[in-house]
Amino acid sequence: MDRLTPERRSWNMSRIRGRDTKPERLVRSAFHRLGYRFRLKPQKLPGSPDIVLTRHRIVVFVHGCFWHRHSRCCFAYTPKTRTEFWLGKLEANKRRDHRVQRALRRLGWRVLVVWECQVRDTGRLASQLDRWLRRGRLRK
């Protein structure tokens, strides 16, 4: 049973942002500090990635652990109410993510997924991003 009224639950859910979330802003800040320039949310690419490093043909998705079902993550829990609805919705998100990533790779893009739980330690995040980008022998 939900502790909130349907009106309050609806209001809460309406406050969940789809873009410019705190994890996205932290990842953009890390890229900027590392000296990389990027574009935001280009509509022409499949799935509208959160960050695009056009010069390096890299797209970055910043995924919320709950909404995109990060495996073995404590934030990827299943709600106790309307379980069938949520499982269907969240599994559809996962399938869509795989489809979009495959389409981008076919177009020649490298795909990086940064999870919400990885953003909590910004120093570690910056070193992981830098290491991942340098692995492809990129220049700033």
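The values are calculated or read from the model by the stated rules, or taken from the named source; none is laboratory data. These numbers were taken from a predicted model, which means no experiment stands behind them. Cβ sites come from the backbone with ideal geometry, for glycine too, and all protein chains shown count toward neighbours.
If I filter segment 71-91 for residues that are under 18 Å from the mean Cα position of the chain (by Cα), of a type in the set (A, V, I, L, M) and part of a loop (DSSP other than H, G, I, E, B), do I get at least one hit? Quick ask: steps written out before the conclusion?
Here is the first cut: in segment 71-91, the residues under 18 Å from the mean Cα position of the chain (by Cα) are 71-77, 89-91.
If we keep only those that are of a type in the set (A, V, I, L, M) as well, we get 76, 90.
So of that shortlist, the ones also part of a loop (DSSP other than H, G, I, E, B) come out as 76.
Yes - at least one qualifying residue is present in segment 71-91.
Look at H63 and say whether it is surrounded by 11 or more Cβ atoms within 10 Å (Cβ to Cβ) and in contact with a Leu (Cβ under 6 Å, 6 or more places away or on another chain). Spell out the reasoning first.
Numbers: surrounded by 11 or more Cβ atoms within 10 Å (Cβ to Cβ): yes; in contact with a Leu (Cβ under 6 Å, 6 or more places away or on another chain): no.
No.
Please go through (1) in contact with a Phe, Trp or Tyr (Cβ under 9 Å, 6 or more places away or on another chain); (2) over 19 Å from G123 (Cα atoms) for R28 and return the number of the only condition it doesn't satisfy.
Status for R28: all satisfied but (2).
Could you look through segment 99-140, keep only residues that are surrounded by fewer than 10 Cβ atoms within 10 Å (Cβ to Cβ) and either among the aliphatic types (A, V, I, L, M) or assigned to a helix (DSSP H, G or I) (or both), and pick out the one that is modelled with the lowest pLDDT?
Among those residues, the one meeting the criterion is R135.
Restricting to segment 9-25, give me the number of residues that are in contact with a Phe, Trp or Tyr (Cβ under 9 Å, 6 or more places away or on another chain) and at pLDDT below 90. If you could, list the steps in order and put the result at the bottom.
Filtering segment 9-25 down to residues in contact with a Phe, Trp or Tyr (Cβ under 9 Å, 6 or more places away or on another chain) leaves 16, 23.
Filter once more, so that each one left must be at pLDDT below 90: 16.
So the count comes out to 1.
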